[in-house]
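Enquirer: This is the structure I have questions about; it appears just below.
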Amino acid sequence: MIVTERLKLRPWRESDRLPFRMLCADKRVMEHLGGPRSAADADAAMERMIKSEKERGHCFWAVERKSDFSFIGFCGLLVCEKPGTPVDGEIEIGWRFRHDCWGQGFAKEAAYASFDWGFANLDVERIIAITMSENTRSWGLMDRLRMRRKPELDFYETSATTGGKEMRIITYSRSRAWD
């Protein structure tokens, strides 16, 4: 578990299932992630996080607000599985938060804690972040996290995440040296 001033990044619990389903069904939250997802899709994503935590010791962890113990989203580190792209096998930082938690600095706080954990515990020189080019909120956070845009790592993807359309995925990275 990672504890920050206002948050706990922790392993997933069964009690996270319903709020995670609600997060994944929110059209505002999922606007640049292929649209709202079914309960089955959310459950499958949660199971992938649990499996990654068990096998690798990290995942996109559940984020709990300390003040009221509520599940507000996720943030953490995964091995990026994008075969045939320049980012396949990289460590990826990612986040998703409830709409009512946007604009309060939770994603930034959780991301900095995830970077700290990653560079202290993983033998990697950089951590990447990816998003659709239209997702200005997400790459805006990447800029605020002092990540560097890496256009040479961009790629095109057609998947559920892109709503079945071919979309440009942009890449940012942060080096161990915090350049």
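The values are calculated or read from the model by the stated rules, or taken from the named source; none is laboratory data. Please read all numbers here as calculations on a predicted model, not as lab measurements. No Cβ is skipped: glycine too gets one built from the backbone with ideal geometry, and neighbour counts run over all protein chains shown. Ligands, DNA and RNA are excluded from the accessible area calculation, which covers all protein heavy atoms including side chains. Shrake-Rupley method; radii C 1.70, N 1.55, O 1.52, S 1.80 Å.
Enquirer: With the checklist (1) within 14 Å of the chain's Cα centre (by Cα); (2) within 20 Å of ASP116 (Cα to Cα) in hand, flag the one item HIS32 doesn't pass.
Expert: Every condition holds for HIS32 apart from (2).
Enquirer: For segment 69-85, does any single residue satisfy the condition of being charged (D, E, K, R), farther than 17 Å from VAL29 by Cβ and over 14 Å from the mean Cα position of the chain (by Cα)?
Expert: Yes: segment 69-85 contains one or more residues that are charged (D, E, K, R), farther than 17 Å from VAL29 by Cβ and over 14 Å from the mean Cα position of the chain (by Cα).
Enquirer: Sticking with this structure for a sec: If you scan segment 1-32, which residues turn out to be open to solvent by 80 Å² or more (accessible area, probe 1.4 Å) and either in a strand (DSSP E or B) or of a type in the set (A, V, I, L, M, F, W, C) (or both)?
Expert: MET1, VAL3, LEU18, MET22
Enquirer: Just one of the numbered conditions (1) without any contact (Cβ under 8 Å) to a residue 60 or more places away in the chain; (2) crowded, with 17+ Cβ neighbours inside 10 Å is not true of SER70; which one?
Expert: Failed condition: (2).
Enquirer: Let me ask something else. How many residues are more than 18 Å from HIS99 (Cα to Cα), open to solvent by 30 Å² or more (accessible area, probe 1.4 Å) and touching an Asp or Glu at 6+ places or on another chain (Cβ under 8 Å) if we restrict to segment 33-65?
Expert: Going through segment 33-65 one residue at a time, the tally reaches 0.
Enquirer: Sticking with this structure for a sec: Take residues that are surrounded by 15 or more Cβ atoms within 10 Å (Cβ to Cβ) and tell me which of the strands (runs of 3 or more DSSP E) falling wholly in segment 78-179 contain 3 or more.
Expert: Numbers: elements: 91-97, 126-132, 155-157, 167-175.
In segment 78-179, 91-97, 126-132, 167-175 are the strands (runs of 3 or more DSSP E) which contain 3 or more residues that are surrounded by 15 or more Cβ atoms within 10 Å (Cβ to Cβ).
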